[in-house]
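Take a look at the structure below.
The values are calculated or read from the model by the stated rules, or taken from the named source; none is laboratory data. Predicted model, so just to flag it, every value in this text is computed and none were measured. Counting neighbours? That spans all protein chains shown, and the Cβs are built from the backbone with ideal geometry, glycine included. Each accessible area value is taken on the protein alone, full model and side chains, heavy atoms only, with ligands, DNA and RNA left out. Shrake-Rupley method; radii C 1.70, N 1.55, O 1.52, S 1.80 Å.
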Amino acid sequence: MELSYEELRVRCPSDIFDFETTEEVKPLDKGIIGQDRVVKAAHFGLRVKSPGYNLFFVGLTGTGRTTYARKIAHEVALTDPTPYDWCYVYNFKNPSRPIALFFPPGKGREFVEDIRELLEELKVRIPKAFEGEEFEAKKRSVLKELQEEVNRLMEALNREAELLGFALKRTPTGFINVPLIDGREMTQEEFNALPPEKKKELEARSLELHERTMQVMKEVQKLERETRAKMKRLERELCVFVIGGLFKDLKEKYIDLPKVVAFLEDMMEDVVDHLHDFLATAEGEEAPKKHHPSFDRYRVNLLVDNSRLQGAPVVFESNPTYYNLVGKLEYEQRMGFLVTDFTKIKAGAIHRANGGYLILNVTDVLRNFGAWDALKRVLKTGEIRIENIAEHVGLIPMSGLVPEPIPVKVKVLLIGSPLIYHLLSIFDEDFKKLFKIKVDFDIDMERNEENVRDVCAFISSYCREEGLLHCDKTALAALIDYSSELAEDQKKLTTRFSEIIPILVEADAWARMDGSRYITATHVKRAIEEKNYRENKYEERLKEMFARDQIIVETDGKRVGQINGLAIINLGDYTFGKPSRITATVHLGQRGVVNIERESRMSGKIHDKGVMILSNYMASRYAKDFSLTLSASICFEQLYEGVEGDSASAAELYALLSAISEIPLRQDIAITGSVDQKGNIQPIGGVNKKIAGFFDFCKIRGLTGKQGVIIPYRNKENLMLREDIVEAVKRGEFHIYAIKTIDEGIEILTGLKPEDFHREVERKLKEMAEVLKEWGRRKDEKNERKEEE
C-alpha cells in the first residue's frame with residue numbers, strides 16, 4: 001500500500017502549549033524524565049542496606065545515567081546519618097602497625113587540634129617543671145646521699161689500705177696501690193732495694209687491697225645505678241604529676257571512645273619515657289647539634305574529615321586508579337632512600353565515601369590495573385586495607401608499614417553500558433552477588449502529554465542554568481519533533497538528552513546572531529542543518545560520485561536481476577543512508593545460491609543468515625513437486641566496506657527471482673526489509689536514513705514522480721522523514737510503499753500480479769531442472785557406451 005504524506009511524519013503543533021516561552025515554564029523538579037523503571041529500581045536499591053545490594057546503572061551514553069545517579073544519591077544521602085571521622089595514629093607498641101581511630105563527625109578535627117595543643121603544652125610544662133627549685137632540691141638530695149655513701153666507702157677503703165701499708169691513688173684508668181714507708185710513699189728505687197721476701201709480702205698485700213678495691217668499686221657502681229634509678233623515678237614522678245592532669249582531661253573528653261583512651265594512655269607512657277626529648281627542646285641553641293628530637297609520632301593523621309558534611313557522603317571518583325580507590329602510602333626521599341610513616345597515609349575514594357555512596361564509571365575502573373579486584377575485595381570483606389600494589393603482583397613491598405584495616409559500609413553505584421553489564425554477568429562470578437540492583441535506562445520514552453511537558457520543563461531548566469535564551473513555543477515544537485526523529489518513532493521521544501542539548505546551545509547562538517530575544521523554530525532548524533553540514537562530508541562525496549556516474553545506481557527504467565537496496569553507513573558521529581545496486585545471476589548447476597560477499601569474507605553472520613533464509617523460501621515456495629536445481633550468485637556491486645544485517649534480504653530475493661524469471665524490475669524503486677521463510681516482510685532499523693539516502697540520489701538526477709521506496713509495513717510508526725521528503729510525497733514527486741509480504745512488492749516492482757510472476761518463476765525453474773536432468777541422462781548414456789566399447 002502507498003502511504004500518504006500525513007503518515008510520514010508527526011508534528012507537534014505549537015498551539016498545544018498554554019504558554020508563549022520557557023520563561024513561563026516551571027523548571028524541572030524531577031530527577032529524570034520518562035524512566036519510571038529506573039526511578040523505582042534506584043530508590044529501592046539505595047534504601048536496601050544489606051550487603052551486595054549495590055547498583056549498576058545500565059544505559060547508553062547520553063541517557064543521563066551519571067547525572068541521575070549523582071542526583072538521587074545526594075537526595076538519599078541527606079536523610080542518612082553522617083558517618084565517623086577516621087584518623088591514623090602511631091602505634092607505640094608496634095610502630096609498623098599504625099592504629100585506626102574513629103570519631104563522631106567533626107570530632108576527628110577536634111582530636112587533631114587537641115593533640116597539637118597538648119604537645120605544645122608538654123613542650124612548655126615539662127622543661128619548666130624540671131627547672132623548678134623543688135625538683136633541683138630533690139635532685140641535690142639524691143646526689144648528696146650518693147656522694148656521702150661513696151665518701152664513706154672510700155674512707156673505709158683508704159683506712160684499710162693504710163693498715164695494709166698502702167696508699168690509694170686515682171688515675172684515669174682506675175686506682176693504683178702505692179707502698180708506704182715511714183708514713184710516706186715508697187719510691188721505685190726503694191722498692192727495688194727491698195729483699196725478695198719483703199717484695200712478695202707487699203705484692204700479696206697489694207693483691208688483697210686490689211680485690212677489696214674492686215669490691216668497693218662494684219658497690220659504688222651499684223649505688224650509682226640505684227641513684228640513676230632514683231633520679232629516673234623522680235623525673236617520671238614529676239613528669240606524671242605535671243602531665244597527668246592534661247591527659248586526664250583528654251581521656252575524660254573521649255571516655256566514650258575506648259580505643260582513643262587507650263592511645264592517650266600509650267602516648268602518656270611514651271612521653272614519660274622520652275621526657276628528655278622535651279627537655280632538649282628547651283635548651284635551644286645550646287642543645288647538641290646531633291640531637292634533634294622528633295615529635296612526629298605524636299601527630300594525628302586525619303584521614304577522613306566529615307565535619308562539614310550534612311548527611312552521608314556522596315563521592316564521584318572520575319579517575320578510579322587502584323590508589324585513588326583504596327588509598328596509598330606516600331614516600332619521601334631521604335639520603336637516597338625512600339621512607340614513609342603513618343603520617344603519609346592518604347585516603348582513597350572508598351575512605352571518603354565510607355558510610356555513604358561511591359559513584360564510579362565501570363569502564364574507568366576496568367581500565368586501571370588492580371582497581372576492579374580491589375573494589376570487589378572491599379565489598380566482599382567489608383574492610384579496606386591500604387597496601388602497596390606491588391605486593392599483589394609478587395614484587396618486594398617498599399614499606400614495612402601495615403596500617404590497621406578500616407571497616408567499610410558503602411553503597412557503590414557503577415555506571416556502564418549494557419555490553420559491559422552482560423559481559424561482567426557472564427564472566428565474573430562475583431558480579432551478580434555484589435551488584436544485585438540493575439538500574440536499566442531506556443533510550444526512548446512515550447510521546448505523551450506528560451513527557452512532552454517534562455521535556456519543556458527540562459529545556460526551561462537548562463536555559464536558566466546555562467544562561468541561554470529562552471525558547472518560544474515554535475522552538476519547543478521543533479525540538480519535540482527532533483526528539484522523535486532521534487528516537488526514529490512517531491510515538492516516542494529520545495531520552496538521550498545529550499543529543500538534544502547541543503542543538504539547543506547552537507540554536508541559542510544562531511538566535512543571538514540574529515538579534516532575537518528568543519530561540520525560535522527557525523533557529524532550531526538552522527542548528528540541525530548546520531550540524532549535519534559540518535558532519536556530512538563523506539555523504540556529500542558519495543553524492544558527488546553518483547552525480548558523476550562513478551557510483552552506478554540507476555533511478556529509472558527496468559533491469560533483469562538488478563534492484564536498488566538500501567544500507568546505512570555509520571561514521572560514529574554521523575549516520576546516513578546509501579543506495580546499493582544488488583545484482584543476481586542464474587545458470588544451470590547445483591551449487592544453489594552463492595553469496596559473493598560471504599565468499600569474499602565481506603559478509604557478516606546476520607547477512608549470511610538472511611541469504612540462507614531466502615534460499616529456503618524459494619525451496620518451500622517453488623520446489624514442492626520437483627527438485628530445485630540451479631546455481632545463482634548475489635552481489636552488492638561497488639561495495640568495499642563489507643555488509644552486515646538482513647535488511648537487504650527482501651531486495652536480494654527480488655533480484656534473484658527476476659534473474660530466474662527474466663522479468664525486469666523497476667529501478668526507480670528501492671527496497672529495504674528482511675524476509676522470513678514464509679515470505680513475510682520483517683521490520684528493520686534506520687528506515688528514515690535509508691529513505692533519505694535514495695531520495696537524495698533521485699533528487700540529483702531529477703525527481704520523475706515515479707520514484708519511491710518500499711519499506712516493511714511494520715516500520716510505518718518509525719517514519720519521521722525530513723520535511724523536504726514529506727513535501728515531495730505531498731506533491732506526488734516521490735512515493736513511499738509499505739508492504740507486509742513479498743507478493744505485495746512484486747506488483748509494485750514488476751506491474752504483474754503475484755500469481756503470474758510466481759508462475760513464470762516456477763516455469764523457468766522447471767525448465768532448468770528438466771534441462772539439467774536431460775543433460776545428466778545423456779551423460780550417463782555416453783558413459784555406458786564407453787564402457788560397452
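Overview of results
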{"item": "Debye, to nearest 20: dipole size of the chain, +1 on Lys, Arg Cβ, -1 on Asp, Glu Cβ", "result": "1080"}
{"item": "Extension reserve of the Thr704-Ile181 stretch, reckoned as 0.36 nm per residue once the Cα distance is removed", "result": "173.1 nm"}
{"item": "Candidate lysines - alpha carbon under 24 Å from Lys438, same-chain residues fewer than 8 apart omitted", "result": "Lys30, Lys40, Lys49, Lys71, Lys376, Lys380, Lys409, Lys411, Lys492"}
{"item": "Label-zone membership for segment 88-111, site Glu252, 7 angstrom Cα→C-beta point, backbone N under 13 Å", "result": "none"}
{"item": "Förster radius 60 Å - calculated FRET efficiency between Glu530 and Lys346 (Cβ-Cβ, nearest 0.05)", "result": "0.80"}
{"item": "5 angstrom amide H check on Val410, placed H, neighbours 5+ away", "result": "Gly355"}
{"item": "Over segment 48-131, relative contact order from alpha-carbon pairs under 8 Å, at least 6 apart, %", "result": "17"}
{"item": "Computed over the chain: relative contact order in percent, which uses C-alpha pairs under 8 Å that are six or more apart", "result": "16"}
{"item": "Exposure of Ser516 as accessible area (Å², to 10), given a probe of 1.4 Å and all protein chains", "result": "40"}
{"item": "Relative contact order for segment 94-243, counting Cα pairs under 8 Å that sit 6 or more residues apart, in percent", "result": "30"}
{"item": "Full-stretch length increase - Glu499, Ala262 - with 0.36 nm per residue and alpha-carbon distance subtracted", "result": "79.4 nm"}
{"item": "Residues Phe44 and Asp549, FRET efficiency given R0 of 45 Å [Cβ-Cβ distance, rounded to 0.05]", "result": "0.15"}
{"item": "Cα point-scatterer Debye curve for the chain, base-10 log of I(q)/I(0) at q = 0.08 Å⁻¹", "result": "-0.92"}
{"item": "Estimated inter-spin distance, Asn158 and Val771, nm [label 7 Å along Cα→Cβ]", "result": "14.6"}
{"item": "Per-pair calculated FRET efficiency, R0 = 35 Å: Arg714 and Lys779 via Cβ, rounded to 0.05", "result": "0.10"}
{"item": "Highest average packing first - 132-143, 721-732, 480-491, Cβ atoms within 10 Å", "result": "480-491, 721-732, 132-143"}
